[in-house]
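Heads up: the structure comes next, in structure tokens.
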Amino acid sequence: MSSRACQPCTACCDGWVQIKVKGCEAYPGKPCPHSTGTGCDDYENRPVDPCQKFKCAWVKESSALPDGFRPDACGALVIDHALTWQGLEVDLAVPVGREIPEKTLNTLMQLAEKNMRPLIYQQQDPNSNVLEKNPLTLAYGPPAFQQWVLDQQAQGKKLW
């Protein structure tokens, strides 16, 4: 059993990951209405999907992420195996804030190389003061993977 506990992190509830809870959307700039910033005000009645089922990569028992990579501490929430590309598992990192800190992003890129798992990551537009519901989506991995992500976006396809 994993010794990593979600609390006091509430990054998923605070809208950094787009979710819908009991009909209410949460996304960057719009947290779940049940999030108190330190937990859930309706924890006992939280729905199975997404609240009980969701586990970020850091909290999972088999996590390859370092201990200091709790989302609220490192500035990125990682979802492992968000999709598959050419038989490879692809991980997703979303910023907990405007952007993933450079040190965190560098570590995630090193892990992507080491584990042969392409990475998709998001950043808010540096030229805007507004948090975007759909931030910039970038790819790290083989050039063919990067091109595939660009092509999917150009076609308006949802990646995960």
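The values are calculated or read from the model by the stated rules, or taken from the named source; none is laboratory data. Only a predicted model underlies this, so the values are computations on that prediction, with no experimental measurement involved. Here the Cβ positions follow ideal geometry from the backbone for every residue, glycine too, while neighbour counts run over all protein chains shown.
Things worth noting here:
- From the list Leu159, Leu83, Leu92, Leu65, the one residue that fits, being in contact with a helix residue (DSSP H, G or I) (Cβ under 7 Å, 6 or more places away or on another chain), hydrophobic (A, V, I, L, M, F, W, C) and either surrounded by 14 or more Cβ atoms within 10 Å (Cβ to Cβ) or in contact (Cβ under 8 Å) with a residue 40 or more places away in the chain (or both), is Leu159.
- Thr107 more than 16 Å from Ile19 (Cα to Cα), surrounded by fewer than 17 Cβ atoms within 10 Å (Cβ to Cβ), at pLDDT 95 or above and β-branched (Val, Ile, Thr): no
- Matching option when the condition is touching a Phe, Trp or Tyr at 6+ places or on another chain (Cβ under 8 Å) and over 22 Å from Leu159 (Cα atoms), among Arg4, Arg46: Arg4
- For segment 137-160, a residue qualifies if it is farther than 16 Å from Val17 by Cβ and either assigned to a loop (DSSP other than H, G, I, E, B) or among the aliphatic types (A, V, I, L, M) (or both), and the qualifying residues are Leu138, Ala139, Gly141, Pro142, Ala144, Val149, Leu150, Ala154, Gln155, Gly156, Lys157.
- Filtered by the rule that a residue be modelled with pLDDT of 95 or more and either of a type in the set (D, E, K, R) or over 14 Å from the mean Cα position of the chain (by Cα) (or both), segment 81-98 gives Thr84, Trp85, Gln86, Gly87, Leu88, Glu89, Asp91.
- Residues within segment 44-53 that are surrounded by 12 or more Cβ atoms within 10 Å (Cβ to Cβ) and either over 17 Å from the mean Cα position of the chain (by Cα) or in a loop (DSSP other than H, G, I, E, B) (or both), tallied: 2
- Residue among Cys13, Cys9, Cys32, Cys56 that alone is assigned to a loop (DSSP other than H, G, I, E, B), touching a residue at least 60 places away in the same chain (Cβ under 8 Å) and buried (at least 19 other Cβ atoms within 10 Å of the Cβ): Cys9
- One residue stands out in segment 16-29 among those that are touching a helix residue (DSSP H, G or I) at 6+ places or on another chain (Cβ under 8 Å) and within 15 Å of Gln122 (Cβ to Cβ): the one that is surrounded by the most Cβ atoms within 10 Å (Cβ to Cβ), namely Trp16.
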